[in-house]
1. Looking at the stretch 121-148, I want the residues that are at positive phi and have a partner that is surrounded by 18 or more Cβ atoms within 10 Å (Cβ to Cβ) with Cβ atoms under 9 Å, at least 6 apart or on another chain. Which pairs are those?
2. Against the condition among the hydrophobic types (A, V, I, L, M, F, W, C), surrounded by 18 or more Cβ atoms within 10 Å (Cβ to Cβ) and more than 23 Å from R21 (Cα to Cα), how does F101 come out, does it pass?
3. Find the strands (runs of 3 or more DSSP E) located wholly in the stretch 91-167 whose residues include 2 or more that are within 16 Å of F179 (Cβ to Cβ), and list them.
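None of the figures in this text is laboratory data; all of them are computed from the coordinates on show. Only a predicted model underlies this, so the values are computations on that prediction, with no experimental measurement involved. Methodologically, a virtual Cβ is constructed for each residue, glycine included, from the backbone with ideal geometry; neighbour enumeration extends over all protein chains shown.
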Amino acid sequence: MEIRDNLVVRHRRVRRSRHVRLSLSADGRVLVTRPFWVTERFAQNFVNEKREWILKQWQKLKDAPDSPLSKGTRVDYLRYKERVREIAKERLEYFNQFYHFKYTRLSIRDQRTRWGSCSKRGGLNFNYRLVFLPPELIDYLIVHELCHLQQLNHSPAFWGLVAQQIPDFKKRRQELHNFK
């Protein structure tokens, strides 16, 4: 299905998904991710309801300057991966002396939409593009994911943990959004 301006909608059913989700890529692909129990008709109605939002986001993407998340090649990933791993290990070690959380692994990935993530099993993942960020934003991201080891959500308790080491986390979070 096509919405407008070469925006092509694709559907994907995901067993672990709990919600219908939309994502838009810079090349005009709209991905609708849905749980198995959600019908394609419901998902299509969802897309129709969000049509104006999709078009607005598409315009923002077309007008936005290139961001660190949209740049980079496989060669860049291979070039910076180990450097980012060193930075992440060093900063995790530093901040974890205050939290004493246990993580199972550290992965550096080539992701287009996320700076970092934390799995339920205690795995921490960071985008190799962290290397392009200022140190204070790297620290914010490290602490953010580290705190997810204790709170796998964005509740007030989670933000309280983040604020213990990054009191100006709101300002840094906003700065990070400006990089996207």
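1. G122/L149
2. Spelling it out, it is not the case that F101 is among the hydrophobic types (A, V, I, L, M, F, W, C), surrounded by 18 or more Cβ atoms within 10 Å (Cβ to Cβ) and more than 23 Å from R21 (Cα to Cα).
3. Filter on the stretch 91-167 gives 123-127.
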